[in-house]
Every structure is written in C-alpha cells, then in structure tokens.
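**Q** Please read through the structure below; I'll follow up with questions.
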Amino acid sequence: MVSVLSSGKVNDAGILRDIWFVAASFDFELRAIHLSGEENRAADLLSRWHLDSVYEERFRRLPSFPELAEVVVPPDVFTIHGY
C-alpha cells in the first residue's frame, strides 16, 4: 500500500480517487511509510490473523495488548457520502 499511495499507480484508480477525495474534503494530508514487521509487530500479526490461528495467538501474547474486545462496524461506515 505504501508504494501505491506514494506512486499513485494502481490497477483500480477508483480507490485512490476515493482516498484523495476524503483527504481533500476533510483537509488532511495522507503520508505512507513502510515499517518492517518487527518494527510494527501488532499490525503485522493483525494483517496475517485470517491466515492461521497462530497469528492470533502471537498477537494475544503481545505485552502491549493484554485485553481485546470485538467491535462490529456497520458497513455504511465504509461508504463515502457526498459525491
């Protein structure tokens, strides 16, 4: 994703258009940098969570994340309104 945001090159330009539209609408700047899995262990484990239960187990053992609660997010949260 870092290379997509940095270069602007992607197969489906719609997703980038939506991201930049939201950024412009709410007046914020989006920057992306790459962090190695070791530097960003929690996010790395979460991104692999669906692949194997071992990643969930490793995530739950992280000292900085002792308790988790599942949150159901309504699909309309991911719908961009206004255009």
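**Q** Only residues that are surrounded by 15 or more Cβ atoms within 10 Å (Cβ to Cβ) and either touching a strand residue (DSSP E or B) at 6+ places or on another chain (Cβ under 9 Å) or within 14 Å of E70 (Cβ to Cβ) (or both): list them for segment 50-60, please.
**A** Selection gives E56, F59.
**Q** Sticking with this structure for a sec: Taking helices (runs of 4 or more DSSP H) that do not extend beyond segment 1-56, which have at least 1 residues that are charged (D, E, K, R) and modelled with pLDDT under 90?
**A** 13-25, 41-48
**Q** Right, something else. Which residue pairs have Cβ atoms under 8 Å apart, sit 6 or more places apart or on different chains, and have a first residue in segment 17-41 that is in contact (Cβ under 8 Å) with a residue 60 or more places away in the chain and a second that is of a type in the set (F, W, Y)?
**A** F21/Y83
**Q** Looking only at segment 45-82, which residues are closer than 19 Å to L5 by Cα and of a type outside the set (F, W, Y)?
**A** S47, I80
**Q** Consider F59 carefully, then state whether it is aromatic (F, W, Y), modelled with pLDDT of 85 or more and part of a loop (DSSP other than H, G, I, E, B).
**A** no
The values are calculated or read from the model by the stated rules, or taken from the named source; none is laboratory data. All figures in this text were calculated on a predicted structure; none of them were measured in a lab. Neighbour counts run over all protein chains shown; Cβ positions are idealised from the backbone, glycine included.
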